[in-house]
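The values are calculated or read from the model by the stated rules, or taken from the named source; none is laboratory data. For clarity, every value in this text was computed on a predicted model and none was experimentally measured. Neighbour counts are summed over all protein chains in view; Cβ atoms, including those assigned to glycine, are modelled from backbone coordinates with ideal geometry. What goes into the accessible areas is simple: the full protein's heavy atoms, side chains included, and nothing from ligands, DNA or RNA. Shrake-Rupley method; radii C 1.70, N 1.55, O 1.52, S 1.80 Å.
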Amino acid sequence: MGIAEKLFGSARDRFGKEVAARVRAVDAVASAEYDPKKFQVIYHGAQGAGTEPAVITLETVFRETRGRSAAARREAIGRLADIAALPPTPQNWSDVQTDLRPVLRPVPADPKFDIVSRPAVRHLAEMLVLDTPSAMRYAGRADLERWGVSADEAFATAHRNMARTVTTSLDEARRRTAATGATEPIRLADNGDAYLTSLPLVQGWLATIQRIAGARPLAFPVSNNTLLLAYETPDAAALTKAFEVAEREWREASRPISPAPMTVDDDGEVVLYDPPKDHPAHAAVRHAQILLAMDAYGPQTEYLRGVAGSRDPFPAALKGFRSPEGAEVTGVSWADDDTSLLPEADVVMFPGRNEEMLMVPWSVVVQEAGLTPAEGYHPARYVVGGWPDDDVMERMAKLAAEAKTEVSGS
């Protein structure tokens, strides 16, 4: 812990205390307290005694403002404080179901996040919000209990409510494709009311875009209000340029989501775009995927280390580096004398004992060491103890050498 953290608290606590102070200043609020354990602000309205407390969950907005300017942070805190001025969340399902929308967001760092959330694709999450006339409000697990519905039912309802946006976006795609063909990226931007970055979540939307354009769509949800729609093409320069534009806008966004695109596979399932290694834009795709993976695992690692007890597995960090062959890869270290939570990586590094570090492809380690995902983590984590037996280590070293030879010879 640094000196600043000892004196003023962690960045999370400073953020939470500032939100609580802003909420207390709202006329409709009688009291507000910051709960550092749950990373929430709990407040009571001024309606009088006996009213149930309301909760503002801080994780998503804190995550979105990490590394942003002080002005962007103040603006985000102001949006959170505005929630306290809204009327209470309706108690009845019939009063809220037409207002539900799905939103695509970075994965929450806390695996027990209170906001209704589920995995979207590998390093992104889908959350549930109430679209009110004055603001957007995230739905919590307590809301589902109050309404008497399951998360699956609520998400299905939210997706159905996207019908008008889906129709409008498909009409726009047809118009632009007829004018320019599937060669120019399409920028879909809104003021927050249309939920355009939620479109890749809607079943059949990307598949329909593919039929309209005659090419595999690449949907870049770079921020909460901007979706870049490009198409797979043999023109490596054009495709690489699309990735460069997406990364730049992702880095500059006040509420970024992903520099890596979503698409549909041959079965029509929504996935992160992952072309074969011989694809001309493979390097650009891997770069974007690694940025997204680091952005997902970094906050998760920081959070898990902050709450881990002395007997809990140590949350290992995902690291990015360049291989001897010049490719960008991710790696994680497997310590021999600790119980650890490993993130998924391209390679697992076994620190050598008086010898060179052994680096083994992730797929080899999963197969030979029998790794299985631990429950409750998105993105995935794997609990490991000491290294596998010597015969397994020798077999992995041999397979790693063969894989390296194949890469060098390709």
Per residue, in Å², the accessible surface of the chain once ligands and nucleic acids are set aside, probe 1.4 Å: 50 Å²
Rounded to 5, percent antiparallel among DSSP beta bridges of the chain: 90 percent
Antiparallel content of DSSP bridges confined to region 268-356, in %, to 5: 45 percent
Whole-angstrom Cα spans of region 204-359 along principal axes, big to small: 56, 35, 32
Gain on full stretching of the segment that runs from residue 27 to residue 328 - 0.36 nm per residue minus C-alpha separation: 103.2 nm
Full-extension gain in nm, residue 37 to residue 174, via 0.36 nm per residue minus C-alpha separation: 44.4 nm
Net charge, residue 158 excluded, C-beta distance under 12 Å - Lys, Arg +1, Asp, Glu -1: -2
Region 287-410 - share of DSSP beta bridges that are antiparallel (%, nearest 5): 70 percent
Förster radius 56 Å - calculated FRET efficiency between residue 94 and residue 397 (Cβ-Cβ, nearest 0.05): 0.35
Where Rh is the Kirkwood radius over Cα pairs, Rg/Rh for region 75-195: 1.02
Per-residue HN-Hα couplings for region 361-371 [Karplus 6.51, -1.76, 1.60; θ = phi - 60°; Hz; x = Gly/Pro]: x, 4, 4, 5, 5, 4, 6, 7, 9, x, 6
Rel. contact order, % - alpha carbon contacts under 8 angstrom, at least six apart, the chain: 10 percent
From the coordinates shown, volume of the Cα convex hull per residue in Å³ corresponds to which of (i) 121; (ii) 192; (iii) 169: (iii)
Charge tally in the Cβ shell below 11 Å around residue 321, where Lys, Arg are +1 and Asp, Glu are -1, residue 321 excluded: 0
Residue-span extension gain [residue 160 to residue 141] - 0.36 nm each, minus C-alpha spacing: 4.8 nm
Candidates 302, 375, 59, ranked by Gaussian network fluctuation over the chain, Cα under 10 Å, top entry: 375
Residue of 62, 321, 15 that the Gaussian network model of the chain assigns the largest fluctuation, springs spanning Cα pairs under 10 Å: 321
Cα radius of gyration and Dmax for region 131-281 (Å): 16.5, 52
For the chain, built as a Gaussian network whose Cα springs stay under 10 Å, the top-fluctuating residue of 70, 81, 213: 70
Accessible area of the chain belonging to carbon and sulfur atoms, whole % at 1.4 Å probe: 50 percent
Distribution of pairwise C-alpha distances over region 161-215, 10 Å bins, in %: 23, 58, 19, 0
Cα pair distances of region 314-355 binned at 10 Å [whole percent]: 28, 49, 22, 1
